[in-house]
Every structure is written in structure tokens, then in C-alpha cells.
1. Hey, got the Cα dimensions of region 309-459 along the principal axes, in Å, largest first?
2. Projected onto the charge dipole of region 325-441 (+1 at Lys/Arg Cβ, -1 at Asp/Glu Cβ, origin at the Cα centre), which of Pro329, Ala413, Leu402 gives the Cα projection farthest towards the positive end?
3. Taking one equal scatterer on every alpha-carbon of region 328-415, how large is log10 of I(q)/I(0) by Debye at q = 0.16, 0.21 1/Å?
4. Go through Val107, Val88, Thr74 and say which Cα lies farthest out towards the positive end of the charge dipole of region 70-120; charges sit on Cβ, +1 for Lys and Arg, -1 for Asp and Glu.
5. If we sort 88-97, 448-457 on the protection proxy, mean other Cβ atoms within 10 Å, highest first, what's the order?
6. About the Cα centre of region 342-439, how large is the charge dipole given +1 on each Lys and Arg Cβ and -1 on each Asp and Glu Cβ? Please answer in debye to the nearest 20.
7. On a 24 Å Cα-Cα criterion, which of the cross-link pairs Lys428/Lys457; Lys16/Lys353; Lys16/Lys113 come out too long?
8. Note the full-extension length gain between His149 and Ser425 as 0.36 nm times their separation in residues minus their Cα-Cα distance, in nm to one decimal.
Amino acid sequence: MSSAIVAIVGRPNVGKSTLFNRLLRQRKAIVESEPGVTRDRLYGVTDWAGRIFTLVDTGGLDWDGDDPIRVETTRQAEAAIAEADVIVFMVDAVAGLTPADEAAAAVLRRSGKPVIVAANKVDDVSRAFLAAEFHRLGLGEVLPVSALHGLGTGELLDEVVENLPPPAEGEGLRDGKGEEGTEAGKSAADAQAAVQPIRMAVVGRPNVGKSSLVNRLVGEERVIVADEPGTTRDAVDVAFRRGGVDYVIVDTAGLRKRKRLRGSVERYSVLRTLRAVDRSDVVLLLFDATRPPAEQDKRMAGYVSEAGRALVLVVNKWDLVEKDGATFPDYERHLRRVLHFVGWAPIVFTSAKTGWNLERVLRTVRRAAENHRRRVPTPEVTRVFRDAVAVNPPPSEGGRRLRVSYVTQASAAPPRFVFFVNSPSLVKDTYRRYLEARAREAWDFTGTPLRLHFRPKSS
């Protein structure tokens with residue numbers, strides 16, 4: 001994360017997430033007319049006028065009422081205010097100044113941070129006068145903007161950069177220049193890839209403890225936890241460091257049955273979850289130990305495998321299960337039967353509530369990530385697979401038998417092996433599974449899917 005942090009705050013439904021997406025130049029936050037869609041803090045890195053900084057989208061500041069979700073949402077926004085270097089205070093120019101705006105302004109004045117007031121929904125320059133009444137807040141200049149159409153956002157970013165603290169040593173500029181494409185650039189890219197954090201996506205059905213697990217691993221109440229299913233809606237990235245290893249963990253919305261998806265917010269949440277899987281290194285598929293696996297779990301495990309991501313099966317709430325000598329192996333056997341097609345995925349039992357066995361979760365994640373990126377030298381690969389064919393040759397077909405000329409690992413993440421053979425049509429699914437099993441015996445590929453491709457030698 002970059003050193004400078006800019007938090008976007010305001011009451012519900014003033015357009016904070018729309019502005020967040022506009023300034024990031026991507027649709028990272030869910031945007032809906034329904035108030036209260038954003039609940040947790042969302043982070044994204046952007047740049048302007050030579051400065052790179054982190055934007056934080058927040059839920060609405062709302063101190064009225066005692067709804068637990070609203071209380072936690074406001075607390076998350078207050079945390080963003082506390083960590084920010086600059087605050088963009090969004091108001092609704094069309095709705096006008098409200099008591100909620102005045103209450104938020106009072107809190108921002110006490111923060112002592114630079115505050116920039118952005119009067120949103122000024123979709124035409126002729127309506128700029130609507131921003132004037134917000135000078136009564138006593139927070140300085142008010143900038144009319146349209147987050148939806150981009151009007152005034154350049155001036156807003158100029159003001160943000162003007163108020164940022166001096167750049168940290170080594171902080172760069174995204175100017176498209178540098179050594180990319182040179183040998184020095186490639187070496188730098190390789191070195192950077194070697195120290196990239198491990199990206200984990202936490203997925204599972206509603207109320208299996210995803211947010212509790214994230215908070216426990218991170219060591220702070222970073223995402224909202226509530227008994228109400230569907231509390232998490234956006235895919236929330238959280239960076240943390242443990243034991244000298246950097247991680248980015250992504251909390252995601254709960255996976256519901258398709259027929260139970262209610263409205264566009266939940267549909268967008270599912271899409272965000274799938275995208276979180278696609279950009280992760282390791283996926284933690286969470287189960288509630290007090291409930292049996294369901295069809296949604298099978299679909300997600302299949303999606304992770306097809307996407308080529310590493311997978312760890314995490315059985316949470318183990319502290320709530322009445323145990324005897326057979327409880328652990330019985331549950332493990334049942335889970336293996338249900339998810340037989342990802343037999344390579346390790347299973348870890350834990351309790352996010354008590355913290356039991358969480359270090360083992362991280363050890364398993366590190367192992368899965370390492371195996372996912374594993375590369376094996378071509379001579380070793382060819383030897384192992386040639387021996388496998390010699391020990392157990394495939395059945396002949398029409399008097400023809402499979403011959404393997406050589407094998408190479410074409411790529412990693414996931415490991416992909418290319419077999420150059422006399423005739424790819426001689427390779428049946430059962431024999432493909434046999435070769436994959438031999439690969440797993442020869443090298444540690446626990447936690448990662450493998451890809452085996454067969455090509456004619458001439459190609």
C-alpha cells in the first residue's frame with residue numbers, strides 16, 4: 001500500500017462508491033441506488049499529477065439509531081478517518097445540507113485532518129450554484145463534482161494532491177517510463193514477483209465465519225462481523241504481515257443458491273466473489289463444522305479448480321462440535337466424498353472465534369502457494385513421466401501404443417505440463433489421471449490443480 005491515504009466519507013447514498021470507482025478508473029465498489037450497500041472499508045491505489053496514493057471507500061456515516069450493521073459501518077468509516085492523510089467529504093448537492101452532514105462535519109473538524117468538501121451530483125455546470133450552501137459547514141472551499149459523469153473530478157484530484165504529505169522516499173510515478181522490456185527491467189520484474197504477497201480469497205456460504213477468520217488472521221476488526229447473513233457485500237482486500245510473510249486476504253460475500261439471490265446487489269456480490277477467486281493465488285473454501293457441505297460448496301470448489309487456483313478446505317467452528325474419537329476422521333471422509341474431484345486440496349480444522357489452529361491455516365496456505373508456483377527442470381520431468389509410461393503403458397488401440405518423446409513444464413500457477421507424443425488421441429481420461437497421480441508422487445503439488453496437455457511430436 002502506498003504511504004499516503006485519502007478517505008472518502010459522508011452520509012449514506014451521496015455517491016462515495018461512484019467517486020471511488022471513478023478515481024480508480026475501475027468498477028471495484030458495488031454501486032446501487034439502495035443506501036448502505038458499502039459496509040466495509042475498500043482500498044485501491046491510484047495516481048494523479050505525479051503522486052501515487054491509496055483511496056479508501058467507506059460506508060455511510062450514520063450515528064442515528066442502534067442497528068448493529070449501521071453502527072459497525074460507521075465505526076469502519078471512523079477508522080478510515082483516523083488513518084487518512086486527506087479526507088474527501090462527500091455531500092449531495094441536489095438534496096442540500098442535512099443535519100447528518102452537519103454532524104459528520106463536526107467530527108471531521110475535530111480530526112484535524114485536511115478536509116475537501118465535494119458537492120456531488122452537479123451533473124451540469126449550470127447547477128454549480130447548488131454547492132454554495134455547503135460553505136456553512138466551515139470546512140473551506142466546496143468543489144462541485146459529478147462522480148457519475150466525471151465533472152470536476154480533475155479539480156478535486158488537484159486539491160487532494162495539494163494537501164497530501166510530502167512523498168515517502170522511493171515513492172514513484174506511474175508515467176509509463178522505465179526499463180520495462182530491457183534485461184534490467186525483466187530482472188527487476190522477476191525480483192518483484194519473488195516477493196509478491198500471497199493473495200488469499202476467503203469464500204463460502206453465508207455465516208460460515210469468513211469475516212471472523214479475516215479479522216482473526218489480520219489481528220484487528222477490519223471487516224464487519226454480524227449474525228445477519230449477507231453482511232459482507234463487496235470483496236474486501238486486507239493486507240497484513242505474519243511471520244515475515246506478506247499476505248493480501250480478500251473477504252467475500254456468502255455464496256447463496258441462485259434462486260435465493262435477491263436483487264442486483266447480491267448478484268453483483270457473487271460476481272465480485274468470482275473475480276476475487278480469479279485474482280487470488282490461494283482460495284480458502286470455508287465450511288461450518290456444524291452444517292454439512294452443500295451444493296454451493298461443490299460448485300465453488302469446481303470453479304476454483306477450473307480457474308487454476310490453489311485451494312485449501314477450511315472447516316471452521318470446530319469448537320462448537322461435540323467430539324468423540326471418530327468425529328475428526330468421519331467429517332474428513334465425508335468432505336472428501338463430497339469434493340472427490342479436488343482430492344489434492346488439503347483440509348484444515350480451525351476456530352476463528354477462539355483462534356485455534358489458525359497458524360496451521362497459514363502454514364497450509366504458504367505450502368499451497370509454493371506448490372502452485374513450483375517449477376520442475378525439464379530433464380527431471382521427462383524422466384519421471386517416461387518411467388511412469390514404462391511401468392504402466394497405456395492400452396494399445398488398433399495396434400498403436402502411446403510413445404512419449406519428451407515432457408516439459410510450460411508454466412506455473414498452476415503447474416502445466418506439455419507431453420509431446422506420437423498420437424494425443426491415445427491418451428484417455430483414466431490414463432491422464434494416472435499420469436497426474438505419478439506427478440503428485442514425484443513432487444509436492446498439495447493444494448494446487450495440475451494441467452496436462454498432449455501434443456503431437458511434430459508440433
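The numbers here are math on the coordinates, done by the rules we state, and not lab data. This structure is a prediction, so every number in the text was calculated from the model and none was measured. Here the Cβ is made from the backbone with ideal geometry for all residues, glycine too, and neighbour counts use every protein chain on show.
1. 59, 29, 20
2. Positive-most Cα among the choices belongs to Ala413.
3. Each listed q maps to, in turn, -0.90, -1.07.
4. Val107
5. Result, highest mean first: 88-97, 448-457.
6. 120 debye
7. The answer is Lys16/Lys353.
8. Details: separation 276, 0.36 × 276 = 99.36 nm, distance 5.50 nm.
Working it through step by step, the gained length comes to 93.9 nm.
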